[in-house]
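To start, the structure under review is shown below, and the notes come after it.
The values are calculated or read from the model by the stated rules, or taken from the named source; none is laboratory data. Quantities reported herein were computed from a predicted structural model and do not represent experimental measurements. Glycine gets a Cβ as well: all are built from the backbone with ideal geometry, and neighbour counts include every protein chain shown.
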Amino acid sequence: MKKIAFIIILIGGLVQAQEVDKEKEKSLKIANNFTWEGNKDLSESDFVNAEANYRRAISKNAESSIAPYNLGNAYYENETYSEAFGRFKQAGENATNKKDKHRAYHNMGNVFMKNKEYQKAVDAYKEALRNDPTDEETRYNLALAKEMLKKQQEEEQKNDQNKDDQNQEDQKDQKDQNEDKKEGDQNEDNKGDQKEDQDDKNKEEGDKGEEEKEDNKEGEGEDEEKNDEPYKAEEQKQQQPRPNQLSPQQVKNLLEAMQNEEKKVQEKIDAQKVKGAKIQNEKDW
């Protein structure tokens, strides 16, 4: 009984495997048809339908390397290099033989060349040559990629040197500007100090001039007093009484005394005249 059960299970497994193989074979056939249609569209420059048919082929057989490779070529001709690289990479991973791997890595190298990623292009071409060392086109592309990489590195070094030189020049210019500004500020400070010193000097000279002016004024006053001294001395000399001669004040006092005496005498005379006159009570007729 056990042997019979084992045989039944084995037969069932074989039948199921055959059914899977048939389904896979059917999918491969459909995928190949879509790939063929895509190739036809691409030859007629019908990119839209070619892309659609290649995508249908990939959906029917995700393990195929042919449909992704051809779709990558369609993207490359349409200059959509990032999509092209993705499909070439997929084709290289799905490839089951060295020939397909060689073609996938060769075209990846071409994409890197278009993007000026020369180091990556060198690596891709080297991988392609590992799978097919006899391909002269790949070898030529590798040599070209190496030459372009060398020029790129030299240009980058030159640019870096120019950048460093420019940075040094900018730093030097900035240093010179700072020194010029510092010198200018110092000159301004010196000018300010000189102006303050000049102002102080002018003020000092002004104060000194005022003092000299006051001294001159006082000196002129003293000179005037000195000049007046002879006149005052002469006046005093004239006012001094000579021997046996009345002074002007004595003469004035004497005249006033005489006037007073004369006034008293006149008053007495007038009083006598009043006493001798008659008193009239009635009018004269």
When Lys116 is run through (1) over 30 Å from Asn61 (Cα atoms); (2) in a helix (DSSP H, G or I), the failure sits at (2)
Is there any pair linking a residue in the stretch 27-41 that is over 8 Å from Asn53 (Cβ atoms) to one that is among the hydroxyl-bearing types (Ser, Thr, Tyr) and not in a helix (DSSP H, G or I), with Cβ under 6 Å and at least six apart or on different chains, and which? Ala31/Ser64
Flag if Asn115 is out of contact with any Pro (no Cβ under 6 Å at 6 or more places or on another chain), without any contact (Cβ under 8 Å) to a residue 40 or more places away in the chain and closer than 19 Å to Ile66 by Cα: no
Note: among Ala31, Ala91, just one is under 28 Å from Leu149 (Cα atoms) and surrounded by 21 or more Cβ atoms within 10 Å (Cβ to Cβ), namely Ala91
Quick test for you: out of Ala145, Ala121, Ala128, Ala84, pick the one residue that is among the hydrophobic types (A, V, I, L, M, F, W, C) and closer than 20 Å to Gly38 by Cβ. Ala84
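The rows are residues; the columns are (1) at pLDDT below 95; (2) out of contact with any His (no Cβ under 8 Å at 6 or more places or on another chain); (3) more than 20 Å from Glu77 (Cα to Cα); (4) not in a helix (DSSP H, G or I).
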site	(1), (2), (3), (4)
Ala121	no, yes, no, no
Tyr125	no, no, no, no
Pro133	no, yes, yes, yes
Tyr140	no, yes, yes, no
Glu147	no, yes, yes, no
Gln153	no, yes, yes, no
Lys163	yes, yes, yes, no
Can you confirm whether Glu147 is surrounded by fewer than 14 Cβ atoms within 10 Å (Cβ to Cβ), more than 39 Å from the chain's Cα centre (by Cα) and touching a residue at least 12 places away in the same chain (Cβ under 8 Å)? no
Going by the conditions given, is Ala124 small (Gly, Ala, Ser) and crowded, with 20+ Cβ neighbours inside 10 Å? yes
Evaluate the stretch 20-30: report whether one residue or more is under 17 Å from Ala67 (Cα atoms), at pLDDT 95 or above and basic (Lys, Arg). no
Give the residue, chosen from Asn97, Asn73, that is under 17 Å from Asp132 (Cα atoms) and not hydroxyl-bearing (Ser, Thr, Tyr). Asn97
If you scan the stretch 48-69, which residues turn out to be farther than 21 Å from His106 by Cα, small (Gly, Ala, Ser) and assigned to a helix (DSSP H, G or I)? Ala50, Ala52, Ala57, Ser59
